[in-house]
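Notes follow the structure.
The values are calculated or read from the model by the stated rules, or taken from the named source; none is laboratory data. Treat the numbers as computed from the prediction; the structure is a model and nothing was measured. Glycine gets a Cβ as well: all are built from the backbone with ideal geometry, and neighbour counts include every protein chain shown.
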Amino acid sequence: MSERSNAYSERYTLNLGPQHPSTHGVLRVIADFDGETCIAADPVIGYLHRGIEKLLESRTYPQGLVYTDRLDYLAGVNNNLPFALAVEKLLGVAIPERASLLRMLTCEIMRLASYMVGIGIYIMDLGAVSGVFYPFQQREYALDVMSALCGARMTQGYIRIGGVQADWNDEAEAALNVLYKELPPFIEMYHKLVDENEIFLRRTSGVGVISAARAKAYGLSGPNLRASGVDYDLRRDAPYCLYDRFKVNVPVQTAGDCHARYVQRMQEVDEILRLIHEIHAALKETEPGKIMGPVPKMLRPPAGEVYAQTENPKGIMGCLVASDGKSTNPWRVHFRRPSFDNIAIFSELMPGHKVADLIAIIASFDIVLGEIDG
Amino acid sequence: MTNNEVKPKAQVAAEIVRLPGVAAIEGGDCEYLLEAAALLPAAAYLLEAGYEFLADITAVDYPAEEKFRLLYQVANYHNGDIITLKLDIPREQPRADSLCGLYAAANWLEREVYDMFGIEFSGHPDLRRILMWDGYAGWPLRKDFAAEPGKYQGRRRLD
C-alpha cells in the first residue's frame, strides 16, 4: 500500500512561545506533534528569571519585601504576606488586629483582581477577545481601592514587616463601595456571556483532565487543585492572620478539566466578594490608628530557618527565611511559587491533545511567569 | 471528598524518630535532621502517613560549616501541617537521593536546586538546568558566586 493512499501524518516540533500572548508572558513549550496531536511537551522556563532570591541576600529585610511584589505581579500584596509572616515568626512580634484585618482585606481585593485577569485572559485565549475587557474593568475597580489606600496600583508593597503601610481611609472606602456596586451585576452578566457558550464548552470540556491523585502527586494547589476535586484551602484548613474568625466556604469541582477550572474560579469570586464584605465590616469595628506592631527600625532577627505559607490566587505560596542572627540581611530566602509547581504537570498533561487544546490548558492554569521564573 | 486520612502531627513525631538516622531538632515544630540514607525511608513513611503534598525543596549554603542544608517541606492536603526534613550534605561533590520515585512534584523542585546550587540528585530522571540556560557555568545561589551588578550574563540561544 502506498503512503498516499492512506491518511498519514507528519512528525514535527513546534515551539510555543516564548514570545506569544497566549503563553501569558514568556513561557516556552517545546511540543512534538504527530499531525495535530501532541506526543511530547517540554516546558522551558527561566526567560524572566531575575534572581530575586539572590538579590534578597544583599538587601535588608524591609528592602527585600518590595521585591516579593514582582513575583506574582498580578497580586502583589499576596506575595508580601508570606515573607512578612516568615520574618515576623523569626522575630516573634505580634501584629495588631487592625493590621491583620487590613492585610486580609487587601489580599482578598487583590485575589479578586487576579482572578479577573485569570478569567479574562482565559476567555481571550480561546478566541473571545471581547471577553477580556469586562473583567479588566472590574479589576480596575479593585486596583482603584489599592491606589486610594497606598498610592500604588499593582506592585504595592502595602504589607510591611510588623503591620501595614497605611490605614484605611475615606477614599478607599468610596472606591470599595464602587466595587461592591459594580461587581455583582458583572458576575451575573459574565455567567450569561460565557457559561453556555457552545464554543467555550466544546473547547474546554474534557480537555486537560487532571485526576485528584495526579494533582496531589504534582503538588498542585489553589483553584487548579480544587477543580480536580481536592477540597483544600489554607484559609479554611490552616488559617493564618485572622481567617479563623471568618467562615471560608471552599467550592470544589470534580471534573478536573479546563472547564472545571473556569467554573472553580467563577464560584470562588462569589466567595471572595462575600469575604471582602465580612472583613470590611469587621475592620469598621476596630479602632483606627494601630497598624504597626512593635518592630525596630533595624531588623536583626535571631538565627534560624522558618517557613510560612499562605493561600495565594495561584495556589499555596511558601517562603523560607534563613537568618544567621548577625546580619541585617537574610542569609537565604526562598519562595515556593505556586505557578512553578502547577505547570510541572504540563509535560504529562499535554500529550494526546491537539494544538488548540494546548492553548486552552495553558490559559486554564492562570499562570504568571514572574512567579514561575522567580 | 477525595481526601484520605492523615496521621496527626503528634503521632508522626512519635513514629518518625524510630526510623534509623532521623533525629528531632530541639525547639523545632516537627523539624527533623536526617542522615543521608534516611531521606528515602523518611519520605516514604510520610507519604504513607498521608503527607502527600511535597510543598517545597530548597537548599541553604553554609560555607563556614562546609555544608549545604537541604530542606524538604512535606505537607498534606488536610490541615496545613508541615513536616520539615533537613539534610546536611558536604559542599564538595554534593549529592542526595531523589524523591522523584515518591513525589512527581520533586522533579522540578530538584531541578531548581540543582540549577541554583549544583547539588546532584541520584535517581533523578531528567536532571538539567531549569531557570538558567543549558551551558551556563556556575551555581548562582552558592555564597561564593558573586553577583556582579551591571554585568551582562549572556543571552540564551534558541536551539
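Restricted to region A:33-67, and to residues there that are within 20 Å of A:ILE343 (Cβ to Cβ) and assigned to a helix (DSSP H, G or I), the residue that is nearest to the other protein chains (Cβ to nearest Cβ) is A:GLU53. Of the residues making up region B:76-114, those that are assigned to a strand (DSSP E or B) and either farther than 30 Å from A:ARG226 by Cβ or more than 8 Å from every other protein chain (Cβ to nearest Cβ) (or both) number 10. If you go through region B:9-28 and keep only what is within 14 Å of chain A (Cβ to nearest Cβ) and within 23 Å of A:LYS216 (Cβ to Cβ), you end up with just B:LYS9. Residues that are crowded, with 19+ Cβ neighbours inside 10 Å, in contact with a strand residue (DSSP E or B) (Cβ under 7 Å, 6 or more places away or on another chain), outside any strand (DSSP E or B) and within 14 Å of chain B (Cβ to nearest Cβ) do not occur anywhere in region A:91-110. Comparison of A:ARG261, A:ARG226, A:ARG236 shows that the only residue that is more than 14 Å from every other protein chain (Cβ to nearest Cβ) and under 19 Å from B:TYR77 (Cβ atoms) is A:ARG261. Residues in region B:23-75 that are part of a helix (DSSP H, G or I), more than 25 Å from A:ALA344 (Cα to Cα) and either at pLDDT 95 or above or under 16 Å from the mean Cα position of the chain (by Cα) (or both): 3 in all. Output the residues belonging to region A:241-292 that are free of Cβ contacts under 8 Å to residues at least 24 places away in the same chain, of a type outside the set (S, T, N, Q) and within 30 Å of A:GLY206 (Cβ to Cβ). Residue satisfying the conditions is A:GLU271 alone. Go through (1) outside any helix (DSSP H, G or I); (2) surrounded by fewer than 17 Cβ atoms within 10 Å (Cβ to Cβ) one by one and return the number of the condition A:ARG274 breaks. It fails just one condition, (1). For the subset of region B:29-47 comprising residues that are within 14 Å of another protein chain (Cβ to nearest Cβ) and acidic (Asp, Glu), which member is surrounded by the most Cβ atoms within 10 Å (Cβ to Cβ)? This residue is B:GLU31. Filter region A:309-335 down to residues that are out of contact with any Leu (no Cβ under 8 Å at 6 or more places or on another chain) and basic (Lys, Arg), then give me how many there are. Total meeting the criteria: 2.
Across region A:293-352, the number of residues qualifying as under 26 Å from A:SER211 (Cβ atoms) and among the basic types (Lys, Arg) comes to 3.
Picking from residues in region A:229-247 that are assigned to a loop (DSSP other than H, G, I, E, B) and touching a strand residue (DSSP E or B) at 6+ places or on another chain (Cβ under 9 Å), the one that is farthest from A:ALA212 (Cα to Cα) is A:CYS241.
Restricting region A:334-374 to residues that are more than 12 Å from the chain's Cα centre (by Cα) and on the phi > 0 side of the Ramachandran plot leaves a set whose member that is surrounded by the most Cβ atoms within 10 Å (Cβ to Cβ) is A:GLY374. Out of A:ASP42, A:ASP72, I need the residue that is within 30 Å of A:MET350 (Cα to Cα), buried (at least 24 other Cβ atoms within 10 Å of the Cβ) and of a type outside the set (S, T, N, Q). Which one? Step by step, each of A:ASP42, A:ASP72 is checked, and only A:ASP72 is within 30 Å of A:MET350 (Cα to Cα), buried (at least 24 other Cβ atoms within 10 Å of the Cβ) and of a type outside the set (S, T, N, Q). Scanning region A:56-69 for residues that are surrounded by fewer than 19 Cβ atoms within 10 Å (Cβ to Cβ) and within 15 Å of A:ALA152 (Cα to Cα) yields one hit, A:VAL66. I'm trying to understand the selection: among the residues of region A:111-144, which are closer than 20 Å to A:GLU198 by Cα, among the small types (Gly, Ala, Ser) and surrounded by 21 or more Cβ atoms within 10 Å (Cβ to Cβ)? Passing the criteria: A:GLY120, A:GLY131.
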